[in-house]
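Please read the structure below before turning to the comments.
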Amino acid sequence: MLRRLKDALGHVPLASIRPRHIAEYVATTSADYGAATVSMDVSLLHAIFASAKREELVESNPAERAERPTLPRRRWRILEPVEVTRVAKEPRDEQARAVFLTLVLTGIRRSELQALRWRDVDLVENVLHVRDSKTQEGIRAIALPPKLAEELWQHRRRTAFQGDDEFVFCHTKRGTAIRAEGFKGELEKALRKAGIHDRVRAFHDLRHTAITADASVGSGAIAVMAKAGHRNMATTRTYLHLAGTVFRDEAERLEQRLLSTPVSTHLSEPQPTSDDGNRLNTRVPE
């Protein structure tokens, strides 16, 4: 990053760099390095000038309002319910199946999954406690649905590492935390067997699938946000991909609310309101 910035701007004195210089840098480098890389370069420039401003080396930060290159729209592969069912039946590796079900039914992050220990999984009350998260909001308790609770119970019976301080998902011989690459390989095999040939990112896409499915079955906004471990709903919205989802229950509730009152006349024949009726029944003095 510093090399690119030095090549482009190193000949200009720091205090002489203006917003137009940064705009030119963005325009000339985006095609070669990509929008994401150039956007990070601009962030570094912003930090450099922020430090320079504090040290009174410059009067303003020319990168403060710099336009970033447009990032390509990220496409997520959201698994449909029927696809989740098919994939769940395919893994020969029983731990991989338990990992898959945990990801799509709880929506926890990769780091949270890898940090899970048996003391975090209450199979009496059916609650999963996320205690090791990247944010304060990520520390949370998630209800385990019955099938997932049973899957985790069977997984604990099978594993050689059953102690409270042992990792829930681990290397079968060493007991160390499960490696992401190992699960990715098992997931890819299960996807192919299930007839899904699209690229499905093992942790990102499954987390998006879980949060989207949670919202599509009618879970409240606060419940979805809390389960995802987000600080605000704006973050949660980036995980929701509800286009094409049919909300039948909501449609029925709307119909019941709007059309449940009996109507004795045609809608095209408006009836007088109580005020109209009073006026009609009041004789005008002669």
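Where a number appears in this text, it was derived from the coordinates with a stated rule and is not lab data. Quick caveat, the model's predicted, so the values are computed rather than measured. Ideal geometry is used to build each Cβ from the backbone, glycine not excepted, and the neighbour counts take in all protein chains shown.
Would you mind ranking HIS230, HIS11, HIS171 so that the residue whose beta carbon has the fewest other beta carbons within 10 Å leads the list? Write down the numbers at each step before the final one.
Details: HIS230 19, HIS11 7, HIS171 14.
The fewest-first ordering by Cβ neighbours comes to HIS11, HIS171, HIS230.
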Review point. Order of 91-101, 152-162 by packing, highest average Cβ count within 10 Å first?
Key: 91-101, 152-162
Study note, to complete from the structure: Among the range 168-196, those whose backbone N falls under 13 Å of a label point 7 Å along Cα→Cβ from ARG156 are 168-169
Exercise for review: Could you list VAL12, VAL200 in order of exposure, starting from the residue whose Cβ has the fewest other Cβ atoms within 10 Å?
Suggested key: VAL12, VAL200
Point to revise | Sequence-distant residues sharing a close amide H with ARG117 (under 5 Å, placed H) | key: VAL168
Check your understanding: Using θ = phi - 60° and the Karplus curve 6.51 cos²θ - 1.76 cosθ + 1.60, what whole-Hz ³J(HN,Hα) does each residue of the range 168-177 get, with Gly and Pro shown as x?
Key -> 5, 10, 8, 5, 5, 10, 9, x, 6, 4
Review point. Taking the Cα atoms of the range 81-237, what is the range of coordinates along each of the three principal axes, in descending order and whole Å?
Key: 41, 38, 26
**Study point:** Cα-projected label distance for ALA8 with LEU123, points at 7 Å along beta-carbon direction, nm
**Key:** 5.5
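Of LYS193/LYS227; LYS89/LYS134; LYS53/LYS134; LYS147/LYS227; LYS6/LYS184; LYS89/LYS173, which sit over 28 Å apart, Cα to Cα?
On the way: LYS193/LYS227 31 Å; LYS89/LYS134 32 Å; LYS53/LYS134 31 Å; LYS147/LYS227 18 Å; LYS6/LYS184 39 Å; LYS89/LYS173 25 Å.
Over 28 Å apart, Cα to Cα: LYS193/LYS227; LYS89/LYS134; LYS53/LYS134; LYS6/LYS184.
How much FRET efficiency would the formula 1/(1 + (r/R0)^6) give for SER60 and THR135, where r is the Cβ-Cβ distance and R0 is 30 Å, rounded to 0.05?
Details: r = 33 Å, r/R0 = 1.10.
Efficiency for this residue pair is about 0.35.
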Exercise for review: Quote to one decimal, in nm, the extra length available between HIS204 and ARG110 on full extension: 0.36 nm per residue of separation minus the C-alpha distance between them.
Suggested key: 33.0 nm
Practice item. Go ahead and run the numbers for FRET between LYS89 and LEU259, Cβ-Cβ distance against an R0 of 45 Å, rounding to 0.05. Key: 0.60
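Convex hull over the Cα atoms of the range 1-114, averaged projected area in nm²?
On the way: hull surface 44.4 nm².
Value for the range 1-114: 11.1 nm².
Determine one quarter of the surface area of the Cα convex hull of the range 2-54, which equals its mean projected area, and express it in nm² to one decimal. Mind dumping the intermediate values first?
On the way: hull surface 13.7 nm².
Taking a quarter of the hull surface, the average projection is 3.4 nm².
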